[in-house]
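Q: Here it is, the structure in full.
The values are calculated or read from the model by the stated rules, or taken from the named source; none is laboratory data. In this text the structure is predicted, and so the values were computed from the model without any measurement. Here the Cβ positions follow ideal geometry from the backbone for every residue, glycine too, while neighbour counts run over all protein chains shown. We work out accessible area using only protein heavy atoms, side chains counted, and drop any ligands, DNA or RNA first. Shrake-Rupley method; radii C 1.70, N 1.55, O 1.52, S 1.80 Å.
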Amino acid sequence: LQGTLDMLVLKALQLEPMHGWGITERIEQWSESVLQLGQGTLYPALYRLERQGLIRSEWRVTANNRRARYYALTREGRRQFAEELAEWRRMSHAINLVLDASL
Amino acid sequence: MSVMKQTLRRFGSLLRRNTVERGLNEEIRFHIDQQTEKNIRAGMNPVEARRQAFVRFGGVEHMKELTRDEFRPAFFEDFVRDLRYGARLLLRAPGFALVAVITLGLGIGAATAVFSVVNRVLLSPLPYPDPDQIVRLFQIDSNGRRSGNVSEPNFEDWKNGVRAFRSMAEMSAGPEPVSFGTETEMINGADVSRDFFDVMGVRPATGRTFNADELRVGSAPAVIISDRLWRTRLGGAPITTLRLGVNNSVAQVVGVMPAGFDYPSGSDFWFPRELSPPQTSRTAHNWWVVARLADGVPLEGAVAELSTVSKALKRRYGDATWMSDATAIRLREHLTATARPTLLLLFAAALLLLLIACLNVSNLQLARASTRRRELAVRLAVGARRGRLARQLLAEAVVLTLAATLVGLAIAVGGVRTLVALQPANLPRIEHVDVDLIALLFAMVVALVTAVALGLTAALRASKPDVREALSEGTRSMAGGKGSERVRQALVLGQVALTIVLLAGAGLLARSFINVMAIDPGFETVHALVVDTQWTFSNDPLVRQRRKAVQEEVLRRLSAVPGVERVGLTSAHPLGTGWFSNGQFIEMTRADELQTPADLQKLGPEVKSRAGNAGFRIVSDGYFAAMGIRVVRGRVCEETDGPDAPHVAVISESLAETKWPNQEAIGRYIQFGNMDGDLRGFRVVGIVSDVREISPESVPGPLFYGCYKQRMASRFYVVVRTDGSTAVTGAVRQIIHDADPDLPLQIRTIEDAFDRALAGRRFSLTLIGAFSVVALILATLGIYGLISYLVAERTREIGIRLALGAESADVLRLVVGRGILLAVAGIAVGLVAALALTRLLEGMLFGVTTADPVVVGTVMLLTLVAVLIASYLPARRALRVAPIVAMRSESVLPAPPGIGRGYFLFLTLARCALGLVERAIGTPRIGLEPGRAGHRQHVTMRAVLRNAVFRRLAPAARMEPFGGRRWVIGAGVQCVSPEPTRRVLRPAPPT
C-alpha cells in the first residue's frame, strides 16, 4: 500500500531527522521486525515526499564521520501526517468493528 | 503543494541533473555500507555481509529508475527524446519525409489560405458598432423581383412609417468628378442623406459630420472624405485648409472618416444628398437605403413592419409605384452575397485537398508502419510498454506535422498573396486578408489527427501479434498484415474518389467557362475602346446645347484619327459600370398624342395592354457600327435625325419579338417620356440584334435606343472601334481634352470589361483547377506508393512466377491490374460522390449539366491514365527482377537490357484494359484461324497480344502455358489457382 509506506516514513521522521537507512531500521525496530521494508522502495517514496514538500533533506555528517542525507519533516508534513493518522485510525477502527462484529 | 509547483520542481531537477544523480548514488552507497556493517556486526564475513545487504536492498538500477521517475519530468523528457528520435528517423528516410511533408504542407497551406480569405470576407464582422443591426432595404415588385434601388418618396414613407428602425438613410454611390484645385479626377463617392452616419454608427476620426446648416440648399457646401483620400491624395493636411470641387460646387472638407470605414465600398467622399433637388417620382429607382434596427427589435419584426407599410403604400398609390412589398437584409449578408458561393466552393475544395493529402500521408505512414514491425517488436520484447510506444509514434507524427505546418505556412502566405492579387471584383474586404493563425492551427490539427492517427493505430496493431513471430519473421515474408493492406487500399480508393470529385468540379467549371467564352454577346469584344466622359446631366438648356456641340466636335475629330474605324456615343455600354436605366413605355397611335404630363394620367385603363418594358439607351448614329451590333431590319439613327425632325428609335430583336410577335414593329409609335421627361413619341425605324449587357451569360433584355441629337441622357460614353493599333488611346485622350479640358477621362477597352466580367469564373476555375491537379498528383503518388510497396513485398513471389514460366506480360498485368482495379473502384465511388456534390455547383455552371458526359468521360480517362502510369512504373521494376535473384533475396535488380520499354508499356496497358473488358463482357472473339489440331478455333484478342509478346521475348524457343491456369482477381485478393501450371516446350515458330 503506497499510502501506508508514506505514512510510516512520516511517522519515523516525527521524532528527529534521519537518513534513509535509519528510517528502514527504525520502522523494522518499531514493528518488532514484522515490517521489513523492501529497502529499494524507500527511496522513490522519499523523493516523492520531498517533491510534495512534506519532508526536506540536507547533507550531514554522521557519528562515524560519514556524509549522509538526512530527511526532516516540514510543517506541512506534520499536518499531513496528523491528517493521515486520523484517517487511518478511523478506517482501521471501522474495519475492526466489522471484523469483530458478534454473529 | 500544487501540481504546478511540483512540475516546476521536476523541470528544476533537469538543470541540476548531475547533482541529483550523484546524490542518489551516494545515498545508496551509504545505505548499503550501513547494512553491510550491521550484517558484519551480526557475525557474517565481509563478503557475505555485502552480498546480503544488496539482496536486502533489491535491484539497485531498477530502484534508481523508479526514483528518477519521482524527480524528473519523465513525460516531458521522453517526449523531447522521442521528438529527436522522430526527426532522426525522418532524416534517415528523406524520400518519405519529403513527400509526406510537402503533401501535408500543400493540404495545410491551401486550407489555411482559403480559410483566411473566407474568414475575413464572410465571417468577420463589419468594422462598425453593432454591425448586425445595420440592414439594407430592398423593394419587391409584383413579380417578386428584389431590387436594392428605391425611389425617394418610398424611402421617405418608410422612414416616417416604420418604427422598427432607429435611423434610415438613402444614398447614391459611384464615380464622380472631383477637382483638387486645377486637376479633376474621377473619385468614387456617395451622396448620402442626413442620417447616414447614424446608421453606420461611425463618426469622423477628425472633424465632424454635416451640421444642420450644411444640409440646406444655398448654404456653403461641405464634404466628408475618407482616410485613404486624405492621406494619399491630400497629404494629410489640416482639414480646415482643404476644399474640393464636388457636384459643381466648391465644398469645405469638414471631416475625415476613420481608416477602415469603407461603405459604400471604395467610396472616398460623402456629400449631403439634401443639396440636390428632391425627386418626386415613385418609379425613379435611384437610391440605396440602409437602416439601423432599433434596440431590441429582431430583424424578422422589422421586415414584417416594413412589409406592412410597403403593402399599404402599394394600395394607396397603385401603379404609381412599382413596389408591392419590401424586405431587409443584414448589410454583411448583402455585401458577401455574391462572394459566398465562390468562397464556400473554394473552401470545400481546399478541405477536400487537405483530406486527400492526409489520406496520402496516412498511407505512407501505414507502409512505414508495416516495415517497422520488427523495430516495434524488438522494443516490446525488451520491455517497452505499449503506451510508451504509442507516445513515441505520436512524437514522430508531431515532428512530421510540424515540418509540414512550416511548409504549409509558407504556402499559405504565398497563397493568400496570390488570392489577393487575383482579387476577383466581387470579394469585399479582400485586401485586408492575412494568414489566419487559427486556420493554420486547425489545418495542422486535422492533419495531425487524420494523417497520424491512422499510421499510429496501424503501427500499434502491427505490433500486437505475437512478438516472437514478428521477430522471427524474416525478410522472406510473403505478405505483410492483410488488414493494413486493406486499409491502405481503402485509403487509395478514397483518394481516387475525392480526386474525381475535384476533377469533375474543375471540369464542369472549365466547360462552363468555355461555353461562356463561346457565347455571342451581340457585340464585338476586340479592338474597342470606351471613354467614360463625365458629361453629366444638366437641366440648363444652354449647357446642354454647348455640350452637344462639344460632343459632335469630338465625334468628328475622332473619326479622322488614323486607326479609328468607327466612333459612337451611348448612354450605357454593354459590360459597363454605369446605370442601365430601365423603364415602362406605352405604344401610341401617333407620335404627338401626348402634350403634357397630365395627359399621361388621362390614358384609360386599356393602356396596360399597350405598355411594355425595356432598357432605355440614347446613342449616336455611329454607335451600332462602333460596338459591332448587327442591324436586323430597317435603319439606325442617321445624321438627318436632328432635334427638329420627328423622333425615331431603334429596338432590339427580343423587344420586337415579345411586344409585336408576328407583326411588323417598324413604324409603331412609342411613348417613353417617363425616362427623360420628353413627351414627344418615337417612331420605330429599325431593329438591331440583342446584346448581353450585364454579363456574357446574362439573358439579353429588351432594349430601346433613342438618337442622341434628339434626346438627352444623364451620361455619355464614347465608343471607339480601332484597327487594333494602340496609338489611338493617346489621340483619343488628346482630342477630348482639347474639346473640354475640364473633363476627367477614363479609357477602358471592351476586352478588359469582358475579362472583368469573366474574372469571377476565371478565379474559381483557376483555383479549383489547381487544387484538382494537385489532388490528381497526390492520388497518383498514393497509388504509386501502394503498388511499389506491393511489388517490393512480392518480389520473391514474382521471381518464382517468372521462373515457373509466367509471361512477363502476365506479371505486369498482375501488378497493373491491381492498380486499375483500385482506380475503377475509386472512380465509381468518386463519380457517385461527384454527381451528388457538383449539384452544389449548379448556380455557377453555364450550358452544362452536372452529369455532363464529356466532363465525366475526360475525368475518368485522366484518372485512369494517371493510375496506369502510377502502377506501370513499379510493375516495370517487378519485371526486371531476375528470377534467381528474386528468390534468393529481396533486392530488386534490373532485367538485362534489350527489351523495348515503350513496346512493353503498350502491350501491358493493352492487356490490362483487355482483361477488364473480358471480365465485364466475356472474351471478345475477333475471328477464326486454323487450330493446332487441324480444326478451326476462336482467335481472341488476348492470344494476339500474347503472341506479340512472345515474338519479342522468345528468340529460339518458348514456353506456352495451357490447361487450367487462371488469375483470380477479387476485391483486393489475387492468387494463383491451386492447380499448378503445366507447361510444354515447343519449337519456336519460323520467323
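Q: Going by the structure shown, is B:Thr849 farther than 26 Å from B:Thr103 by Cα, surrounded by fewer than 19 Cβ atoms within 10 Å (Cβ to Cβ) and among the hydroxyl-bearing types (Ser, Thr, Tyr)?
A: The answer is yes for B:Thr849.
Q: Still on this structure, please answer the following. With the condition being more than 14 Å from every other protein chain (Cβ to nearest Cβ) and of a type outside the set (Ser, Thr, Tyr), I'd like the helices (runs of 4 or more DSSP H) fully within region A:13-103 carrying at least 2 qualifying residues. Step through it out loud before you land on a result.
A: Numbers: elements: A:20-30, A:39-51, A:75-100.
Counting at least 2 such residues, we get A:75-100.
Q: Going through region B:30-58 one residue at a time, which ones are exposed (fewer than 12 other Cβ atoms within 10 Å of the Cβ) and within 14 Å of another protein chain (Cβ to nearest Cβ)? Write out each step before concluding.
A: Pass one, region B:30-58, residues exposed (fewer than 12 other Cβ atoms within 10 Å of the Cβ): B:41-43, B:45-47, B:55.
Within region B:30-58, B:Arg41, B:Ala42, B:Val55 meet the criteria.
Q: Separate question: Considering only region B:631-658, state which residues are farther than 28 Å from B:Ala549 by Cα and either assigned to a loop (DSSP other than H, G, I, E, B) or in contact with an Asp or Glu (Cβ under 7 Å, 6 or more places away or on another chain) (or both).
A: Matches in region B:631-658: B:Val632, B:Ser652, B:Glu653, B:Ser654.
Q: If you don't mind, another one. Can you spot a residue in region B:458-475 that is under 38 Å from the mean Cα position of the chain (by Cα) and either at pLDDT 75 or above or assigned to a helix (DSSP H, G or I) (or both)?
A: Applying the first criterion (under 38 Å from the mean Cα position of the chain (by Cα)) to region B:458-475 yields B:458-459.
Applying the additional criterion that residues be either at pLDDT 75 or above or assigned to a helix (DSSP H, G or I) (or both) yields B:458-459.
Scanning region B:458-475 turns up at least one residue that is under 38 Å from the mean Cα position of the chain (by Cα) and either at pLDDT 75 or above or assigned to a helix (DSSP H, G or I) (or both).
Q: Of everything in region B:702-713, what is modelled with pLDDT of 85 or more and within 17 Å of B:Gln584 (Cβ to Cβ)? Give them in sequence order.
A: Residues satisfying the conditions are B:Pro702, B:Leu703, B:Phe704, B:Tyr705, B:Gly706.
Q: Limited to region B:373-390, what total is found for residues that are under 44 Å from the mean Cα position of the chain (by Cα), under 15 Å from B:Tyr85 (Cβ atoms) and surrounded by 17 or more Cβ atoms within 10 Å (Cβ to Cβ)?
A: Looking only at that region, the number is 2.
Q: Filter region B:682-691 down to the residues that are in a loop (DSSP other than H, G, I, E, B) and out of contact with any Leu (no Cβ under 7 Å at 6 or more places or on another chain), then identify the one that is surrounded by the fewest Cβ atoms within 10 Å (Cβ to Cβ). Talk me through it step by step, then tell me what you get.
A: Initial filter on region B:682-691 (in a loop (DSSP other than H, G, I, E, B)): B:689-691.
In the following step, the residues that additionally are out of contact with any Leu (no Cβ under 7 Å at 6 or more places or on another chain) were identified as B:689-690.
Details: B:Ser689: 17, B:Asp690: 22.
For region B:682-691, the residue satisfying everything is B:Ser689.
Q: Among the residues of region B:119-128, are any among the small types (Gly, Ala, Ser), in a helix (DSSP H, G or I) and either more than 14 Å from every other protein chain (Cβ to nearest Cβ) or open to solvent by less than 30 Å² (accessible area, probe 1.4 Å) (or both)?
A: So in region B:119-128, the residues among the small types (Gly, Ala, Ser) come out as B:124.
Keeping just the survivors that are in a helix (DSSP H, G or I) gives none.
No, that holds for no residue.
Q: Moving on. Taking B:Ile666, is it buried (at least 20 other Cβ atoms within 10 Å of the Cβ) and either more than 25 Å from B:Arg610 (Cβ to Cβ) or more than 42 Å from the chain's Cα centre (by Cα) (or both)?
A: Details: buried (at least 20 other Cβ atoms within 10 Å of the Cβ): no; either more than 25 Å from B:Arg610 (Cβ to Cβ) or more than 42 Å from the chain's Cα centre (by Cα) (or both): yes.
No: the conditions fail for B:Ile666.
Q: To continue, here is another question. So A:Arg66 ticks every box in (1) touching a residue at least 60 places away in the same chain (Cβ under 8 Å); (2) under 26 Å from B:Ile28 (Cα atoms); (3) open to solvent by 60 Å² or more (accessible area, probe 1.4 Å) but one. Which box is left unticked?
A: Unmet for A:Arg66, out of (1) touching a residue at least 60 places away in the same chain (Cβ under 8 Å); (2) under 26 Å from B:Ile28 (Cα atoms); (3) open to solvent by 60 Å² or more (accessible area, probe 1.4 Å): (1).
Quick grid of which residues meet (1) surrounded by 14 or more Cβ atoms within 10 Å (Cβ to Cβ); (2) out of contact with any strand residue (DSSP E or B) (no Cβ under 9 Å at 6 or more places or on another chain); (3) without any contact (Cβ under 8 Å) to a residue 12 or more places away in the chain:
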site	(1), (2), (3)
A:Leu49	yes, no, no
A:Glu58	no, no, no
A:Tyr71	yes, no, no
A:Arg75	no, yes, yes
A:Glu87	no, yes, yes
A:His93	no, yes, yes
A:Ala101	no, yes, yes
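Q: Further question: Residues of region B:669-679 being in contact with an Asp or Glu (Cβ under 8 Å, 6 or more places away or on another chain) and open to solvent by less than 60 Å² (accessible area, probe 1.4 Å), which ones? Spell out the reasoning first.
A: Going residue by residue through region B:669-679, those that are in contact with an Asp or Glu (Cβ under 8 Å, 6 or more places away or on another chain) are B:669-671, B:679.
Residues satisfying the conditions are B:Ile670, B:Gln671, B:Leu679.
Q: So B:Leu344 ticks every box in (1) within 25 Å of B:Arg146 (Cα to Cα); (2) open to solvent by less than 30 Å² (accessible area, probe 1.4 Å); (3) of a type in the set (A, V, I, L, M, F, W, C) but one. Which box is left unticked?
A: Result: B:Leu344 passes all but (2).
Q: Oh, and also: Can you tell me which residue among B:Phe115, B:Phe138, B:Phe155 is within 15 Å of B:Leu335 (Cβ to Cβ) and either at pLDDT 85 or above or more than 32 Å from the chain's Cα centre (by Cα) (or both)?
A: Numbers: B:Phe115 fails: within 15 Å of B:Leu335 (Cβ to Cβ); B:Phe155 fails: within 15 Å of B:Leu335 (Cβ to Cβ).
Of the residues listed, the single one that is within 15 Å of B:Leu335 (Cβ to Cβ) and either at pLDDT 85 or above or more than 32 Å from the chain's Cα centre (by Cα) (or both) is B:Phe138.
Q: Now, a different point. Does B:Leu90 satisfy the criteria of being away from every other protein chain (no Cβ under 14 Å), of a type outside the set (S, T, N, Q) and open to solvent by 30 Å² or more (accessible area, probe 1.4 Å)?
A: On the way: away from every other protein chain (no Cβ under 14 Å): yes; of a type outside the set (S, T, N, Q): yes; open to solvent by 30 Å² or more (accessible area, probe 1.4 Å): no.
For B:Leu90, the condition - away from every other protein chain (no Cβ under 14 Å), of a type outside the set (S, T, N, Q) and open to solvent by 30 Å² or more (accessible area, probe 1.4 Å) - is not met.
Q: Of all residues being among the hydrophobic types (A, V, I, L, M, F, W, C) and in a strand (DSSP E or B) in region B:147-180, which is surrounded by the fewest Cβ atoms within 10 Å (Cβ to Cβ)? Just the residue, please. Walk me through it before giving the result.
A: Going residue by residue through region B:147-180, those that are among the hydrophobic types (A, V, I, L, M, F, W, C) are B:150, B:155, B:158, B:162, B:164-165, B:168-169, B:171, B:173, B:178, B:180.
In the following step, the residues that additionally are in a strand (DSSP E or B) were identified as B:150, B:165, B:168-169, B:171, B:173, B:178, B:180.
Values: B:Val150: 23, B:Phe165: 24, B:Met168: 22, B:Ala169: 22, B:Met171: 21, B:Ala173: 17, B:Val178: 25, B:Phe180: 15.
In this case the residue turns out to be B:Phe180.
Q: Kindly indicate which of B:Val99, B:Val20 is away from every other protein chain (no Cβ under 14 Å), crowded, with 17+ Cβ neighbours inside 10 Å and in contact (Cβ under 8 Å) with a residue 24 or more places away in the chain. Before you say what the answer is, go through the steps one by one.
A: Numbers: B:Val20 fails: away from every other protein chain (no Cβ under 14 Å).
Residue meeting the stated conditions: B:Val99.
Q: Still on this model: Restricting to region B:692-707, and then to whatever is open to solvent by 10 Å² or more (accessible area, probe 1.4 Å) and touching a helix residue (DSSP H, G or I) at 6+ places or on another chain (Cβ under 8 Å), can you tell me which residue is nearest to B:Glu639 (Cα to Cα)? Can you show your working first?
A: Of the residues in region B:692-707, the ones open to solvent by 10 Å² or more (accessible area, probe 1.4 Å) are B:692-695, B:697-702.
Keeping just the survivors that are touching a helix residue (DSSP H, G or I) at 6+ places or on another chain (Cβ under 8 Å) gives B:695, B:697, B:700-702.
Values: B:Ser695: 31, B:Glu697: 34, B:Pro700: 28, B:Gly701: 27, B:Pro702: 25 Å.
If we take residues in region B:692-707 being open to solvent by 10 Å² or more (accessible area, probe 1.4 Å) and touching a helix residue (DSSP H, G or I) at 6+ places or on another chain (Cβ under 8 Å), then B:Pro702 is nearest to B:Glu639 (Cα to Cα).
Q: Then there is this: In this structure, is B:Gln671 at pLDDT below 85 and more than 27 Å from B:Ala753 (Cα to Cα)?
A: Numbers: at pLDDT below 85: yes; more than 27 Å from B:Ala753 (Cα to Cα): yes.
Judged against the criteria, B:Gln671 is a match.
Q: Strands (runs of 3 or more DSSP E) wholly in region B:203-322 with at least 3 residues that are touching a residue at least 60 places away in the same chain (Cβ under 8 Å) and either touching a Ser or Thr at 6+ places or on another chain (Cβ under 9 Å) or open to solvent by 30 Å² or more (accessible area, probe 1.4 Å) (or both) - which ones?
A: On the way: elements: B:222-225, B:243-246, B:249-256, B:269-272, B:285-293.
In region B:203-322, the matching strands (runs of 3 or more DSSP E) lie at B:243-246, B:269-272, B:285-293.
Q: Based on this model, can you work out whether B:Arg630 counts as open to solvent by 10 Å² or more (accessible area, probe 1.4 Å) and under 42 Å from the mean Cα position of the chain (by Cα)?
A: Details: open to solvent by 10 Å² or more (accessible area, probe 1.4 Å): yes; under 42 Å from the mean Cα position of the chain (by Cα): yes.
It is true that B:Arg630 is open to solvent by 10 Å² or more (accessible area, probe 1.4 Å) and under 42 Å from the mean Cα position of the chain (by Cα).
Q: For B:Arg136, indicate whether it is in contact with a strand residue (DSSP E or B) (Cβ under 8 Å, 6 or more places away or on another chain) and either without any contact (Cβ under 8 Å) to a residue 40 or more places away in the chain or open to solvent by 50 Å² or more (accessible area, probe 1.4 Å) (or both). Spell out how you get there, then give the answer.
A: Numbers: in contact with a strand residue (DSSP E or B) (Cβ under 8 Å, 6 or more places away or on another chain): yes; either without any contact (Cβ under 8 Å) to a residue 40 or more places away in the chain or open to solvent by 50 Å² or more (accessible area, probe 1.4 Å) (or both): no.
No; evaluated as a whole, the condition is false for this residue.
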